[in-house]
Amino acid sequence: MTDVDAVLGDLRIVDCDAHFTEPPDLWTSRVAPTMRERVPVHRTVDGVSAWYLDGEVWAGIGGNTIRKGREKVLGEHIVQPFDAVDPAAWDVAARLGLMDDMGVHAQILYPNGVGFSSNHIFAIEDVEQRGVILRTYNDFLVDVQKDSGDRLFPQAMLPIWDMDLTVAEMERLLDQGITGFTLSDRPELMGLPQLPEPYFEPMWGLADEAGIPLNFHIGAGAAKERGKAARGADQLRRPAESAKAFADLYWESFGPQRRLAILASQMYMSNARIIVNLCMSGMFDRWPNLRIVSAESGIGWIPFILESLEYQLDEMVTDPAERAVQQRRPTEYFRDHVYVTFWFERVGPSKLLEDVGVDNVMIETDVPHPTCLYPGAREHFAAVLEGLAPEVRRKVLQDNAARVYNLPLPA
């Protein structure tokens with residue numbers, strides 16, 4: 001039996017991937033009365049809660065598996081209706097209480113029902129309307145951080161459909177204390193250039209100059225049609241139909257719960273694409289202070305992918321012009337610029353941490369999503385990290401996150 005207090009001591013655990021559910025009055029309480037018909041409205045119809053925009057269902061309430069009374073529900077990914085969801089999903093004070101019970105000091109927060117990047121808002125046809133909705137959402141995030149007493153750190157969305165607006169929004173939010181931004185890894189699916197193209201240079205440059213992270217959360221880069229299909233089923237509480245949007249990933253004969261389990265296991269590694277491309281590019285040579293976080297992707301597969309990159313670079317990239325694209329090795333780029341998170345894993349953190357990089361690993365709980373590490377997060381981390389040196393545990397549970405996100409941890 002692990003002595004949790006002896007292993008963790010006075011560490012301030014920083015959870016680097018949790019989700020904050022959008023409260024029912026998020027938009028309507030923050031815009032002028034004349035705009036209330038143009039922003040998302042929260043409604044419950046026939047026992048099912050969802051967000052409506054321009055009179056039509058727009059988004060679900062997101063993954064919420066902690067019912068009122070802090071009961072974790074297994075086998076479901078959306079507790080319905082919204083009134084049945086524990087307030088810790090969407091209320092700052094209640095979330096802080098939940099964190100205290102879990103032994104977590106701070107959380108890096110991602111969106112929930114509205115998607116993990118700005119793609120879902122980007123899909124709104126009216127450009128002025130989508131801009132108001134995105135800025136209002138970010139204003140809400142600023143208030144969450146302030147109201148939490150610097151324990152909740154939401155990662156804001158960016159209006160990447162307009163690079164001038166993106167830079168302006170980054171500057172505005174950085175001035176208000178926001179510690180990072182969340183992005184789609186495949187903007188080309190929304191009709192934009194790919195990330196290394198000149199279009200995105202102002203965004204990369206500002207992130208490099210400010211020394212703040214750009215976060216790629218798994219599942220944030222779906223095409224407009226696929227994302228719409230998944231949310232359309234989710235918001236009506238039909239997980240089987242939601243999974244059909246990703247039917248190429250599982251066998252049709254499987255039941256809905258098994259489909260979701262298979263989908264989740266593959267999606268953890270979907271961020272391999274962004275990590276591999278970044279580490280085989282020259283982007284980190286151009287922006288030497290750039291910080292990239294791969295959220296909810298786990299760590300067990302990282303040593304293999306790095307070993308593969310090293311081998312393939314030498315075996316396949318022999319043309320001098322091709323070699324000149326990057327000045328350093330893929331693993332060197334990873335060590336200096338890329339950060340990854342784990343939660344349920346045991347093998348990765350206990351046996352592979354040195355191969356991943358002790359300075360590159362952070363922890364998460366994924367609260368309140370399905371398979372979130374609740375309850376027992378503190379106990380789990382103590383058990384899987386028990387055999388490591390105290391200074392390594394401190395880095396993984398606290399110091400790496402404080403450095404990456406520039407967090408004001410108490411002494």
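Values quoted throughout were computed directly from the atomic coordinates according to the rules given, and no laboratory measurement underlies them. The structure displayed is predicted, hence computed values, not measured ones. Cβ coordinates were reconstructed from backbone atoms using ideal geometry, including for glycine residues, and neighbour counts include every protein chain displayed.
Amide H of H217 versus every other amide H placed in the peptide plane: which residues, excluding those fewer than 5 positions away on the same chain, fall under 5 Å? Residues meeting the criterion, in which the H sits 1.01 Å from N, are L183, A295. Neighbour counting of Cβ atoms within 10 Å sorts the residues T331, T65, T318, T365, fewest neighbours leading, into T318, T331, T65, T365. Taking label points 7 Å from Cα along the Cα-to-Cβ direction, Q257 and N406 give a separation of 4.6 nm. Using the Cβ-Cβ distance between E310 and K351 with R0 set to 22 Å, the FRET efficiency from 1/(1 + (r/R0)^6) comes to roughly 0.65. Sequence-distant contacts, meaning Cα pairs under 8 Å at least 6 residues apart, place the relative contact order of the chain at 20 percent. Which residue fluctuates most in the GNM of the chain (Cα springs below 10 Å): M203, M102, M316? Per the Cα network of the chain with a 10 Å cutoff, M316 tops the list. Here is the size of the chain from its Cα atoms: Rg then Dmax, 20.7, 64 Å.
Loop sites by DSSP among the GluC sites (Glu not before Pro) of the chain, restricted to those with at most 10 other Cβ atoms within 10 angstrom, leave 253-411 as the longest stretch without any of them. Panel note: the C-alpha atoms of segment 38-140, placed on their principal axes, show extents of 43, 33, 21 Å (largest first).
Counting only DSSP H runs of at least 4 residues, each contributing -39500 (n - 2.57), and dividing by the residue count of the chain, the helix-based mean residue ellipticity at 222 nm comes to -11000 deg cm²/dmol.
Just subtract the alpha-carbon distance of D248 and D10 from 0.36 nm times their residue separation and send over the number in nm, one decimal.
Here the answer is 81.0 nm.
For the pair E201 and D126, the difference between a 0.36 nm per residue extended length and the Cα-Cα distance amounts to 24.4 nm. When the Cα convex hull of segment 1-74 is projected onto planes of every orientation, the mean area is 8.7 nm².
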